[in-house]
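Data first, discussion second: the structure below is written as structure tokens.
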Amino acid sequence: MAGSSTTVDIAQAMFTEPVAFADWLVIAPSILTIIGGTLCLITRKQTTLAPKLGLFFLGLLVLNNVMLLAEVLKRGVITMVMGNWLPPFGIAFTVDALGATLALVAAIVAFSAGLYASITIDSSGKRYGFYPFLLLMMTGANGAFLTGDIFNMYVWFEVLLISSYGLLVLGNDRAQLDGTVKYGILNLIGTNLFLIATGLLYGQLGTLNMADITMKVRESGVSGPLMTIAVLYFLAFAMKAAAFPVNFWLPSSYHTPRIVVAAVFAGLLTKVGVYALLRTLVMLMPAARTELAEIIAWVAALTMLTGVIGALAQSDLRRMLGYLVISGIGSMLAGIAMGSVLALSGTVFYAVHSILVMTALYMAAGLMAAMAGSYDLRRLGGLYGASPVLAGVFLVLALAVAGLPPFSGFWPKVMLVDAALTLGWNWLAASILVTGFLTSLAVGRVWIYAFWRGGPEGTVDGGSVSLPGGGVLTLGAQGQSTAAVWVPIGILTALVILFGLQPEWMMEVSSRGASGLVDPVGYLRSVFGGGA
Amino acid sequence: MRTVIFRTFAPFITALMVLFSIFVLLRGHNEPGGGFIGGLIAASALAIYGISAGVGPARRALKAHPMSIAAFGLLLAALSGLLSLFTRQAFMTSQWVTIDFLGVAVDLSTPMFFDIGVYLVVVGAIGSIALALEERESD
């Protein structure tokens with residue numbers, strides 16, 4: 001009880017100096033989204049109020065994460081330990097440039113999705129809790145990006161997954177239940193592997209704090225048990241990230257949910273897996289990563305090539321985009337396989353690019369289907385006439401995802417290819433370039449089919465067929481403004497163009513994130529104070 | 001299941017169980033008990049009432065939707081961690097205040113509010129599942 005009379009030296013176990021208000025920025029993303037999520041859950045039956053509340057809190061999240069990234073770039077790594085307990089016993093939130101960057105991009109994507117959903121999700125979807133699920137999923141995603149404790153990261157993964165199951169089944173169709181079961185089972189296996197590996201790691205080192213693990217692993221060197229743990233982590237997160245050959249769940253579940261849900265998932269969820277790989281393999285167990293480098297490189301090359309070949313073979317727009325997500329994961333894994341600062345910066349930049357561009361592509365696909373009435377490439381056509389703006393936006397996004405200049409996909413590929421050639425991994429550089437070429441074929445095919453030709457399959461050359469409904473975009477209630485779908489696509493496309501034309505800032509931030517992983521001095525000092 | 005004996009006794013059992021669940025919740029800080037186990041007991045009470053009186057009356061007796069109760073619990077738990085902002089300590093640092101209530105010193109703390117939050121989350125979530133399952137059965 002608090003009133004006991006024995007005196008204890010609290011400084012042995014707890015921080016006693018006051019905590020700066022700026023440090024609260026590291027935990028605020030989780031708190032804001034929990035508060036917003038619960039308020040949306042309570043008000044979910046009021047289908048006009050809940051979206052406003054949700055957007056308000058997502059907007060606060062974006063602001064908070066902007067300030068967090070600015071603070072991290074100014075001061076270096078920031079740590080806050082829950083309950084003031086001294087690390088490694090207290091659960092630490094430790095934010096470096098990598099975590100803060102991804103948290104910010106995730107927040108922007110979530111805000112865009114919230115806006116897009118305000119008219120594309122019907123009121124029954126809102127009553128069944130689209131906004132609470134979205135906000136609580138952001139709790140999980142932000143927590144995973146910002147935490148400095150490996151078991152805590154597992155908990156945030158669970159928060160993220162449980163909310164994502166809810167988003168996936170929204171609508172209750174047979175196909176959605178089918179997709180959710182596949183997604184659910186594979187993720188259950190993945191998280192269980194994560195938990196088993198974490199248990200083994202705790203048994204081996206006696207700590208869960210990432211900074212502490214980093215130090216202990218570097219002292220002990222590579223050993224059999226640590227290699228086993230590293231392989232388990234690699235398998236678990238490769239499943240999350242949809243790497244070959246454990247990626248069959250992605251194409252079979254991402255085309256079933258509402259398009260805005262697919263957009264957030266394609267943007268965000270696989271990159272959480274990539275982030276976890278960066279954190280565990282590169283920062284926690286670098287020696288094990290070096291041993292595994294060859295295997296990771298093969299997995300990376302196969303992931304990007306099978307992904308893009310899958311994309312070429314598909315005739316459903318959403319399935320094709322799902323395969324492009326997988327192909328991008330391959331490029332990010334290539335950076336992890338190489339492990340140099342340049343390559344890892346390429347991975348981080350690619351992750352940011354991929355989150356933005358994949359979300360925007362799914363959103364654009366949603367508009368295309370809303371105009372033409374189908375996701376089937378054979379039945380799309382004549383959309384250029386219906387909306388030249390959408391044709392332009394899709395072309396920008398298509399060139400970006402294929403890695404062509406002057407858009408955001410170009411620079412990370414340059415960095416990855418440059419790193420591969422420097423290290424003498426010519427075959428890996430070649431596979432990145434071949435993937436880029438095949439991707440341009442895959443997306444170019446979509447653009448020609450959907451926008452350029454006059455109408456669906458069978459239309460005579462030069463002729464044009466009028467779209468059902470005259471190609472007018474009608475979403476939500478009759479006569480409602482469609483600004484809520486154009487603004488998010490506009491924001492994301494603008495960022496894609498901005499990072500393409502002005503890549504220096506993003507390169508600088510990614511390289512700070514990457515060098516913090518390779519040489520985590522700042523991370524250790526932030527958690528354990530100046531002595532470490 | 002709706003025998004006369006069960007229907008007569010169910011309200012009393014429910015009331016007793018809810019009372020006991022609050023007792024278990026409050027003793028949880030230093031002794032076995034706490035929000036999770038207390039919440040489970042209260043959710044069982046709700047389930048028993050639902051079986052004996054029907055799901056409709058159980059929902060009406062609860063006033064709020066179980067999911068809203070769960071959401072409120074989560075909100076309470078999150079807010080209880082926020083109080084340490086004002087004492088310039090890290091998130092979730094426990095804050096204590098001792099008040100004099102009719103001559104008895106009562107210790108109030110943020111962990112207690114956190115535990116009440118956990119209790120409400122468990123009551124809401126498990127209660128919601130239990131009532132939904134009972135509803136299907138009667139169809």
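The values are calculated or read from the model by the stated rules, or taken from the named source; none is laboratory data. Keep in mind it's a predicted model, so treat the numbers as computed, not measured. Every residue, glycine among them, receives a Cβ derived from its backbone with ideal geometry; neighbour counts consider all protein chains shown. Heads up: the accessible areas ignore ligands, DNA and RNA and are worked out on the full protein's heavy atoms, side chains in. Shrake-Rupley method; radii C 1.70, N 1.55, O 1.52, S 1.80 Å.
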With θ taken as phi - 60° and the coefficients 6.51, -1.76 and 1.60, list the Karplus ³J(HN,Hα) couplings across region A:112-126 in order, rounded to whole Hz; mark glycine and proline as x.
4, 5, x, 5, 4, 6, 4, 10, 8, 8, 6, 5, 5, x, 5
Give me the log10 of I(q) over I(0) for region B:33-87 at q = 0.14 Å⁻¹, as the Debye formula computes it from C-alpha points; what are the numbers?
-0.50
How many angstrom lie between the C-alpha centres of region A:234-263 and region B:68-83?
32
List every residue whose amide H lies under 5 Å from the amide H of A:MET14, counting only residues 5 or more places away in sequence or on a different chain, with H placed 1.01 Å from N in the peptide plane.
A:LEU86
Averaged per residue, the 1.4 Å probe accessible area of the protein assembly as shown, protein heavy atoms only, in Å², is roughly 40
Loop-located trypsin sites (Lys or Arg not before Pro) in region A:44-98 whose Cβ has at most 13 other Cβ within 10 Å (DSSP):
A:LYS45
Tell me the total accessible area that A and B bury against each other, 1.4 angstrom probe, in square angstrom rounded to 100.
2000
Got a sec? What order do A:TRP447, A:TRP24, A:TRP85, A:TRP452 fall in by accessible area at 1.4 Å, biggest, i.e. largest, first?
A:TRP452, A:TRP85, A:TRP447, A:TRP24
On a 23 Å Cα-Cα criterion, which of the cross-link pairs A:LYS74/A:LYS240; A:LYS45/B:LYS63; A:LYS182/A:LYS240; A:LYS271/A:LYS413; A:LYS182/A:LYS271 come out too long?
A:LYS74/A:LYS240
Counting only protein heavy atoms and a 1.4 Å probe, tell me what percentage of the protein assembly as shown's accessible area is made up of carbon and sulfur.
68
If amide H atoms are built 1.01 Å from N in the plane of the peptide, which residues on other chains or at least 5 residues away come under 5 Å of the amide H of B:GLN95?
B:THR110
Using the Karplus curve 6.51 cos²θ - 1.76 cosθ + 1.60 with θ = phi - 60°, what ³J(HN,Hα) values do you get for each residue of region A:156-165, in whole Hz, with x for Gly and Pro?
5, 4, 5, 4, 4, 6, 4, 5, 5, 4
Could you run the Karplus curve 6.51 cos²θ - 1.76 cosθ + 1.60 with θ = phi - 60° over region A:393-401 and give me ³J(HN,Hα) per residue in whole Hz, x for Gly and Pro?
4, 5, 5, 4, 5, 5, 5, 5, 5
Over chain B, calculate the relative contact order: mean separation of alpha carbon pairs under 8 Å at least 6 apart, over the residue count, as a percent.
29
